[in-house]
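Worksheet for the structure shown next.
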Amino acid sequence: MNNNFLIRKAEQKDLPVLSAFNNALALETEHRALDMQKLTKSMQAILDDERKGVYWLACDGDKVVGQIMYVLEWSTWRNANFMWLTDLYVLPAYRRKGVFKRLYRYAMDFYQARADIIGLRFYVDKSNTAVVPLYKKIGWKESNYNLWEIKKYEA
């Protein structure tokens, strides 16, 4: 293991790892297994259409060891985009080895370089309290917005 992790954009060949990482993320953070067929179709849709999101992968040589996704949301009030970060996952054996730091730095550099993006946002499941101190430590603040939703069905 090294701490010079290469960050690259996900490609078609990464479909199995994206599906596996997102299922592991759901199990770990919300204690639920996802429908793998539906999840794989979702990952394929993202790989086929960047408007749905873009995954960046942290690699240790040829091995994918972490991921983060961003998606842009247009703000009518601000005439600019917010960049949402989501699907952050690092393999357990690679935690506390600098993978998150590299992914986060890459996302921040991308954000800073884009004049059309005026803010970063993400959401955390209320039960996932373990990550809150980390986010506070790196400068994130709780938004004044609450997230509300209506679901057609439980996914």
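No value in this document is a laboratory result; all are computed from the given coordinates. Keep in mind that this is a model prediction, so the values were computed, not measured.
Shape class of segment 1-76 from the Cα gyration tensor (axes a ≥ b ≥ c, square roots of the eigenvalues): oblate, since a/c reaches 1.5 or more and a/b does not exceed b/c. Note: relative contact order over the chain, using C-alpha pairs below 8 Å and six or more positions apart, is 21 percent.
With helices as the sole contributors, the chain gives -10000 deg cm²/dmol at 222 nm; each DSSP H run of n ≥ 4 counts as -39500 (n - 2.57), and the sum is divided by every residue.
Label the chain by shape, choosing from rounded, prolate and oblate, from the square roots a ≥ b ≥ c of the eigenvalues of the Cα gyration tensor; if a/c is under 1.5 it is rounded, and otherwise prolate applies when a/b is larger than b/c, oblate when it is not. In terms of gyration-tensor shape, rounded.
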